[in-house]
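Working notes, structure below.
The values are calculated or read from the model by the stated rules, or taken from the named source; none is laboratory data. Every value quoted in this text rests on a predicted model; they were computed, and no experiment measured them. Virtual Cβ from ideal backbone geometry, glycine too; neighbours counted across all protein chains shown.
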Amino acid sequence: MADHGISMGQQVAVIWDSHSLPEALQSLVKNVQTAVGVEGHVSVENINQLLQSSHKESSFDVVLSGLVPGSSAVHSAEVLAEIARIVKPGGRVVLKEVVTRETGNNNRLKAITKLPAALTLSGLVEIKELQKEPLTSEQIQSVQEHLSLQCNELLSVQMEGKKPNFEVGSSSQLKLSSVKKPASSEKPAVDPTTAKLWTLSANDMNDEDMDLLDSDELLDPEDLKKPDPASLKAPSCKESGKRKACKNCTCGLAEELEQEKKNSQPKSACGNCYLGDAFRCASCPYRGLPAFKPGEKILLNENNLQDA
């Protein structure tokens, strides 16, 4: 069994299907048992029962599937994933499968170009093709009967793949390069003058030897002058046109506008307010007041202004 990479003491799984010839299966198992010796172990599994098997993960060094003459095994994605699960890290998988030359979608067989991708998706690496040969007319007829196919472009392809040298979900400590510290544990010498600059003790804070400054002496006469209110206004407050005070006005513009509002006189829209109530509108602020001369200044109380 040197062709399959089997050596003494290994754990090997042989997977067969219902179309495999019994005599050929017995012959293959006998050859594998001879290759592994008494220290090894051979497990035989039907491909349809593999998913229900109780094999632990990383149980076998080599898995042989579909290698029995007469086999027409089709490895689904679930079967390939289970094979990759039970193989040990670094273990090998050798399988043989009937594929089609056609690139169209086929529900039963894979295209020859899709088989390596299926092995890669199952978790195997270093995929390579070992053997490829066309089927005879008798073999094609047998596969068509077993799988209910009408395709004539059939091939038998033998592939090999390996499981990575780690288990899924495993962890390993990384060895990061670091600068080696000097072997000597002595602390470097420190200049006393430099150390004194960065230390502070109670002796350095002698109140009798320290001169305290009066904060009032830091101000000059210019700092004590009251600023001009106009200079405190924001630039937008000095712009011409309609003025509007800020929400939190502190420059006095809000008070100035409020005072202007109180002193302002309402303007007549029709120009007949001075003639009396007979000529005044319903919303006229002078309604209810006697007639007055044109141009005469009439003072209205706040109630009249609000009603207007």
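Here are a few things to note about the model shown:
- Members of region 196-226 that are of a type in the set (A, V, I, L, M, F, W, C) and either surrounded by 10 or more Cβ atoms within 10 Å (Cβ to Cβ) or modelled with pLDDT of 70 or more (or both): Leu212, Leu213, Leu218, Leu219, Leu224
- Selection from region 27-80 of residues that are in contact (Cβ under 8 Å) with a residue 40 or more places away in the chain, among the acidic types (Asp, Glu) and in contact with a strand residue (DSSP E or B) (Cβ under 8 Å, 6 or more places away or on another chain): Asp61
- Any hit, region 113-121, residues being in contact with a Pro (Cβ under 8 Å, 6 or more places away or on another chain), part of a loop (DSSP other than H, G, I, E, B), more than 20 Å from Trp16 (Cβ to Cβ) and not polar (S, T, N, Q): no
- Yes/no for Val94 being buried (at least 19 other Cβ atoms within 10 Å of the Cβ), under 22 Å from Lys162 (Cα atoms) and at pLDDT 90 or above: yes
- Flag for Gln144 being assigned by TED's automatic domain parsing to the domain that holds Met8, of a type in the set (S, T, N, Q) and touching a residue at least 12 places away in the same chain (Cβ under 8 Å): no
- Each residue in region 129-154 was checked for being surrounded by fewer than 16 Cβ atoms within 10 Å (Cβ to Cβ) and part of a strand (DSSP E or B), and 6 of them qualify.
Okay, residues lined up against (1) over 36 Å from the mean Cα position of the chain (by Cα); (2) of a type in the set (A, V, I, L, M):
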{"site": "Leu25", "(1), (2)": "yes, yes"}
{"site": "Val36", "(1), (2)": "yes, yes"}
{"site": "Ser43", "(1), (2)": "yes, no"}
{"site": "Ser58", "(1), (2)": "no, no"}
{"site": "Ser72", "(1), (2)": "yes, no"}
{"site": "Ser76", "(1), (2)": "no, no"}
{"site": "Lys110", "(1), (2)": "no, no"}
{"site": "Thr113", "(1), (2)": "no, no"}
{"site": "Ala118", "(1), (2)": "no, yes"}
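- Those residues of region 48-73 which are among the aliphatic types (A, V, I, L, M) and either surrounded by fewer than 17 Cβ atoms within 10 Å (Cβ to Cβ) or in contact with a Ser or Thr (Cβ under 7 Å, 6 or more places away or on another chain) (or both), in sequence order: Leu51, Val68, Ala73
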